[in-house]
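> To start, I am sharing the structure in question, which I have written as structure tokens.
The values are calculated or read from the model by the stated rules, or taken from the named source; none is laboratory data. None of these values were measured; they are calculated from a predicted model. FYI the Cβ positions are ideal-geometry reconstructions off the backbone, even for glycines, and counts take in every protein chain you see.
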């Protein structure tokens with residue numbers, strides 16, 4: 001399956017999780033009940049996953065800006081405008097991608113690359129790729145991930161893992177992030193204030209911490225406003241920040257959806273045997289939601305309706 005998976009998680013209205021979170025928060029304030037914190041944490045993450053998976057169909061355009069200033073390879077910028085429409089019941093969708101990449105190496109002339117493509121897919125083992133070079137039918141293996149192949153983000157995992165998520169999975173029926181909704185002693189939650197809750201999930205290697213993820217949830221919307229991930233040095237045990245992701249949310253047809261996601265990832269590059277430099281990848285995405293859980297036009301999902309490159313470009317609604 002692609003982008004929206006059939007999960008064993010129940011789709012429960014956010015108001016239910018809001019009530020559960022408030023009760024759990026109140027109980028934590030009354031006592032230091034160690035069993036309550038994992039339940040509170042899991043309920044917030046499960047509510048986010050339920051909200052994402054409740055989108056049975058959607059049509060969204062988004063612009064994505066990526067920038068990296070590498071100490072050796074120089075500056076790389078990528079602007080991408082996309083449209084993603086998918087119908088879970090009909091099991092078909094389209095992903096339109098227009099990318100402009102500028103690379104400015106320190107020791108080379110600037111390189112530019114532009115790509116405009118549309119990908120049509122369904123529950124069969126093939127997709128149709130339309131571009132300036134014509135139409136092409138692409139055969140897929142049974143376990144090949146369409147999102148990874150064409151670069152379309154998986155919306156089901158928004159807020160749980162870094163966006164855009166094109167992580168390869170063998171099956172979306174049992175994804176890695178679904179484990180975040182199961183209460184365990186490696187996760188805790190605390191109400192930081194009257195409107196913010198902190199969820200911490202720490203992975204141990206034996207008795208030593210290996211990595212850690214911290215979410216800040218709004219108790220008004222029960223949605224994350226920030227996600228930070230860390231790793232621990234294997235020798236010193238010192239914690240280092242790996243990435244920070246900030247979220248802004250809006251509503252479309254009664255569903256919470258992101259309007260902006262900004263992620264900054266810390267990287268390191270070895271310039272010489274004694275010189276290791278830090279740099280950052282910055283990825284910012286702005287969304288425009290055209291519909292959620294509404295009937296999608298047949299012509300939007302039909303590759304036969306596209307005859308020219310201009311018609312592919314016209315799918316990217318301004």
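> Just to be sure before I move on: is residue 236 farther than 30 Å from residue 57 by Cα and within 16 Å of the chain's Cα centre (by Cα) in the structure I sent?
In short, no.
> Contact list please: Cβ distance under 9 Å, first residue in region 115-126 and free of Cβ contacts under 8 Å to residues at least 12 places away in the same chain and on the phi < 0 side of the Ramachandran plot, second residue outside any strand (DSSP E or B) and buried (at least 16 other Cβ atoms within 10 Å of the Cβ), pairs at least six apart or on different chains.
none
> Let me ask another. Filter region 257-282 down to the residues that are under 30 Å from residue 88 (Cα atoms) and at pLDDT below 95 and list them by number. Let's see the steps before the verdict.
Step one: list which residues in region 257-282 are under 30 Å from residue 88 (Cα atoms), which gives 257-263.
Across region 257-282, there are no qualifying residues.
> Condition (residue is modelled with pLDDT of 95 or more, out of contact with any helix residue (DSSP H, G or I) (no Cβ under 7 Å at 6 or more places or on another chain), under 30 Å from residue 129 (Cα atoms) and surrounded by 14 or more Cβ atoms within 10 Å (Cβ to Cβ)) applied to region 243-253: is it met by at least one residue?
Checking region 243-253: at least one residue is modelled with pLDDT of 95 or more, out of contact with any helix residue (DSSP H, G or I) (no Cβ under 7 Å at 6 or more places or on another chain), under 30 Å from residue 129 (Cα atoms) and surrounded by 14 or more Cβ atoms within 10 Å (Cβ to Cβ).
> Among what's in region 269-297 and is surrounded by fewer than 11 Cβ atoms within 10 Å (Cβ to Cβ) and free of Cβ contacts under 8 Å to residues at least 12 places away in the same chain, pick the residue that is nearest to residue 137 (Cα to Cα).
If we take residues in region 269-297 being surrounded by fewer than 11 Cβ atoms within 10 Å (Cβ to Cβ) and free of Cβ contacts under 8 Å to residues at least 12 places away in the same chain, then 272 is nearest to residue 137 (Cα to Cα).
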